[in-house]
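Below: one structure, written as structure tokens.
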There are 4 protein chains.
Amino acid sequence: MTPVMTAEELNAFMSEVFKQVADEFNVDHVGAGEVTMRLLTSDKHLRPGGTISGPSMFGLADVAAYIVTLSVIGPRALAVTTNCSIDFMRKPAANVPLIAKARLLKLGKQLSVTDVLLFSEGMEEPVARASLTYALPPPHVN
Amino acid sequence: MTPVMTAEELNAFMSEVFKQVADEFNVDHVGAGEVTMRLLTSDKHLRPGGTISGPSMFGLADVAAYIVTLSVIGPRALAVTTNCSIDFMRKPAANVPLIAKARLLKLGKQLSVTDVLLFSEGMEEPVARASLTYALPPPHVN
Amino acid sequence: MTPVMTAEELNAFMSEVFKQVADEFNVDHVGAGEVTMRLLTSDKHLRPGGTISGPSMFGLADVAAYIVTLSVIGPRALAVTTNCSIDFMRKPAANVPLIAKARLLKLGKQLSVTDVLLFSEGMEEPVARASLTYALPPPHVN
Amino acid sequence: MTPVMTAEELNAFMSEVFKQVADEFNVDHVGAGEVTMRLLTSDKHLRPGGTISGPSMFGLADVAAYIVTLSVIGPRALAVTTNCSIDFMRKPAANVPLIAKARLLKLGKQLSVTDVLLFSEGMEEPVARASLTYALPPPHVN
């Protein structure tokens with residue numbers, strides 16, 4: 001699972017194909033089948049008290065699973081999420097960035113499976129865990 | 001599972017406790033352990049081509065599970081989602097409202113379990129299915 | 001989702017390709033994208049008090065999802081489960097057969113998605129719900 | 001998440017409260033919120049070709065989640081699984097023991113959440129991943 005794209009390349013790819021949300025996310029680090037990302041929180045992600053909404057947590061987990069898949073297979077815009085299971089375990093800390101640590105568990109011909117842990121920056125215990133399946137387009141599609 | 005709140009009361013409750021998102025959702029119909037809701041889509045829910053984003057679909061399923069639970073137990077602001085499993089099965093139709101049909105499968109002392117099917121209005125086959133668990137606050141809390 | 005196999009044909013197919021477990025299950029009814037099956041419980045499925053074990057409930061849901069998929073695509077031995085999410089909601093009744101009602105929600109080229117409700121026979125409220133994804137072999141494989 | 005039970009104590013507890021399945025499992029190692037277990041495979045767990053059945057993989061993940069919870073809270077017979085999400089990623093190797101590595105992600109008052117990876121012994125890539133939620137009995141119950 002050697003990465004074929006750098007954090008810079010992944011951020012550039014997001015800006016290109018996901019114009020509408022690319023400014024919400026940043027890829028911090030890329031390893032072997034592993035990516036660390038963050039949600040650049042703004043008002044639209046928050047609930048009263050500064051806590052982060054469920055859809056925003058889901059959205060970060062979803063993007064992180066996609067990005068860690070791309071980091072190994074290279075840029076392919078057509079992958080789609082087919083399944084997500086997510087456990088919300090703790091309330092995110094108020095006014096602290098949300099970090100995703102994604103780990104690619106399987107990369108098959110048709111499917112990838114990724115585990116994601118979400119953390120409030122600076123805290124040790126995860127606020128949520130998610131597993132996501134992506135259906136991969138055939139390599140010749142794009 | 002006789003409902004104790006009407007669609008009007010559920011919409012009013014959302015406006016009160018979820019100010020920041022209440023204008024995104026509408027409760028259309030309340031039955032016995034069943035609720036039909038819709039996402040009032042605006043630009044922020046869309047992706048290029050008019051399709052609805054994954055976090056928006058998750059958000060509608062999550063709210064529908066909460067609302068169907070409230071319809072039976074009455075207004076309690078503190079319930080929290082603990083788990084969601086969601087399958088994305090078809091691309092939502094462009095520029096068509098997204099409808100959720102939620103069915104309460106279990107109402108225990110500590111947990112509720114809800115099944116949700118999401119549809120593009122006017123289409124027969126669901127675009128997604130989700131199951132959600134809510135942790136319920138003790139009755140005396142609010 | 002018109003069925004192409006009858007209950008008798010599905011039972012015969014199970015006997016042929018799943019010799020080791022076919023005597024544990026029976027297909028009771030086949031509808032349009034829907035199957036009702038039962039677990040023929042014996043000592044190996046039970047826990048003290050006559051309740052049915054978690055793996056036995058999982059096993060019935062898994063087989064029901066497979067059988068409802070076959071009922072529409074015809075006999076293909078190679079489909080494999082890729083994901084299951086299951087909620088255990090109530091304790092199964094002691095010494096009562098376990099019934100699965102499976103509904104095919106999606107039949108794609110590569111994946112099928114099925115919803116399953118499990119019931120203790122004669123009771124109205126489900127003991128468990130599950131959703132399962134099967135990866136389908138290409139049609140020419142067998 | 002300091003363990004309060006050793007592997008020996010956990011094995012003894014299984015023998016006592018799960019007589020009917022205790023001889024199928026062994027706790028190999030207990031760490032801080034982590035347990036390594038194995039399925040002692042016999043004919044009933046196998047499918048033709050020596051591969052391990054889905055219900056057997058589910059069963060090992062389920063027991064591992066329970067045992068890692070007990071390792072931290074001490075012996076309590078009444079915890080019940082409320083939810084499991086499992087991804088089957090690779091075919092288990094024939095005639096090789098199945099190993100579970102379970103990690104307790106959350107221990108709340110009412111719920112525990114555990115991540116489990118399943119491996120064919122001696123192989124690096126997991127054959128399955130699962131996350132499980134247990135509902136915990138009140139401490140005074142047993």
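The values are calculated or read from the model by the stated rules, or taken from the named source; none is laboratory data. The structure presented is a predicted model; accordingly, all values stated were derived computationally and were not measured. Neighbour counts run over all protein chains shown; Cβ positions are idealised from the backbone, glycine included. Each accessible area value is taken on the protein alone, full model and side chains, heavy atoms only, with ligands, DNA and RNA left out. Shrake-Rupley method; radii C 1.70, N 1.55, O 1.52, S 1.80 Å.
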Practice item. Kindly establish whether C:SER56 is within 11 Å of another protein chain (Cβ to nearest Cβ), touching a Ser or Thr at 6+ places or on another chain (Cβ under 7 Å), under 17 Å from C:LEU132 (Cα atoms) and in contact (Cβ under 8 Å) with a residue 24 or more places away in the chain. Key: no
Exercise for review: Residue by residue through segment A:121-142, note down the ones that are more than 13 Å from every other protein chain (Cβ to nearest Cβ) and among the small types (Gly, Ala, Ser).
Suggested key: A:GLY122
**Study point:** Selection from segment C:103-120 of residues that are within 11 Å of chain B (Cβ to nearest Cβ) and assigned to a loop (DSSP other than H, G, I, E, B)
**Key:** C:GLY108
Review point. Applying the selection to segment B:90-103, what residues are among the aliphatic types (A, V, I, L, M) and open to solvent by 10 Å² or more (accessible area, probe 1.4 Å)?
Key: B:ALA93, B:ALA94, B:VAL96, B:ILE99
Check your understanding: Can you name the number of the only condition in (1) farther than 27 Å from B:VAL17 by Cα; (2) open to solvent by 50 Å² or more (accessible area, probe 1.4 Å); (3) in contact with a Ser or Thr (Cβ under 9 Å, 6 or more places away or on another chain) that A:SER112 fails?
Key -> (2)
Exercise for review: Please specify each residue of segment D:25-51 satisfying the condition of being closer than 25 Å to D:VAL113 by Cβ and either touching a Pro at 6+ places or on another chain (Cβ under 6 Å) or hydroxyl-bearing (Ser, Thr, Tyr) (or both).
Suggested key: D:VAL30, D:THR36, D:ARG38
Point to revise | Within segment B:10-34, considering residues that are touching a strand residue (DSSP E or B) at 6+ places or on another chain (Cβ under 9 Å) and in a helix (DSSP H, G or I), the one nearest to B:MET57 (Cα to Cα) | key: B:GLU24
Point to revise | A:THR82 more than 20 Å from A:THR133 (Cβ to Cβ) and assigned to a strand (DSSP E or B) | key: no
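Could you identify the single residue in A:LEU70, A:LEU105 that is touching a Phe, Trp or Tyr at 6+ places or on another chain (Cβ under 8 Å) and of a type in the set (A, V, I, L, M)?
A:LEU70
Within segment C:33-44, which residues are under 10 Å from the mean Cα position of the chain (by Cα) and open to solvent by less than 10 Å² (accessible area, probe 1.4 Å)?
Scanning segment C:33-44 gives C:VAL35, C:MET37, C:LEU39.
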Revision key, fill the gap. Among residues of segment D:74-95 being in contact with a Leu (Cβ under 7 Å, 6 or more places away or on another chain) and among the aliphatic types (A, V, I, L, M), the residue nearest to the other protein chains (Cβ to nearest Cβ) is D:MET89
Exercise for review: Would you be able to tell me the number of residues in segment D:35-53 that are under 21 Å from C:ALA61 (Cα atoms) and either among the hydrophobic types (A, V, I, L, M, F, W, C) or touching a residue at least 60 places away in the same chain (Cβ under 8 Å) (or both)?
Suggested key: 2
Review point. If we scan segment A:37-51, do we find a residue that is part of a helix (DSSP H, G or I), at pLDDT 95 or above and more than 11 Å from every other protein chain (Cβ to nearest Cβ)?
Key: no
Exercise for review: Go through (1) polar (S, T, N, Q); (2) touching a His at 6+ places or on another chain (Cβ under 6 Å); (3) open to solvent by 30 Å² or more (accessible area, probe 1.4 Å) one by one and return the number of the condition A:SER56 breaks.
Suggested key: (3)
Practice item. Being touching a residue at least 12 places away in the same chain (Cβ under 8 Å) and basic (Lys, Arg) is the filter; apply it to segment B:98-142 and report the residue that is farthest from B:SER71 (Cα to Cα). Key: B:ARG129
Check your understanding: Restricting attention to segment C:64-80, which residues are open to solvent by less than 20 Å² (accessible area, probe 1.4 Å) and under 26 Å from C:PRO126 (Cα atoms)?
Key -> C:ALA64, C:ALA65, C:TYR66, C:ILE67, C:VAL68, C:THR69, C:LEU70, C:SER71
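Return the residues of segment C:1-24 that are open to solvent by less than 30 Å² (accessible area, probe 1.4 Å) and either at pLDDT below 95 or on the phi > 0 side of the Ramachandran plot (or both); say none if nothing qualifies.
C:PHE13, C:MET14, C:VAL21, C:ALA22, C:GLU24
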Review point. Hey, any hits in segment D:121-140 for a residue that's open to solvent by 30 Å² or more (accessible area, probe 1.4 Å), part of a loop (DSSP other than H, G, I, E, B), among the hydrophobic types (A, V, I, L, M, F, W, C) and at pLDDT below 90?
Key: no
Point to revise | Lone unmet requirement of (1) in contact with a helix residue (DSSP H, G or I) (Cβ under 8 Å, 6 or more places away or on another chain); (2) part of a strand (DSSP E or B) for C:PRO55 | key: (2)
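So that you can scan it fast, the table gives a plain yes or no per residue for (1) more than 16 Å from D:SER53 (Cα to Cα); (2) more than 13 Å from the chain's Cα centre (by Cα):
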{"site": "C:ALA7", "(1), (2)": "yes, no"}
{"site": "C:ASN11", "(1), (2)": "yes, no"}
{"site": "C:ASP23", "(1), (2)": "no, yes"}
{"site": "C:ASN26", "(1), (2)": "yes, no"}
{"site": "C:LEU46", "(1), (2)": "yes, yes"}
{"site": "C:VAL63", "(1), (2)": "no, no"}
{"site": "C:ILE67", "(1), (2)": "yes, no"}
{"site": "C:ALA79", "(1), (2)": "no, yes"}
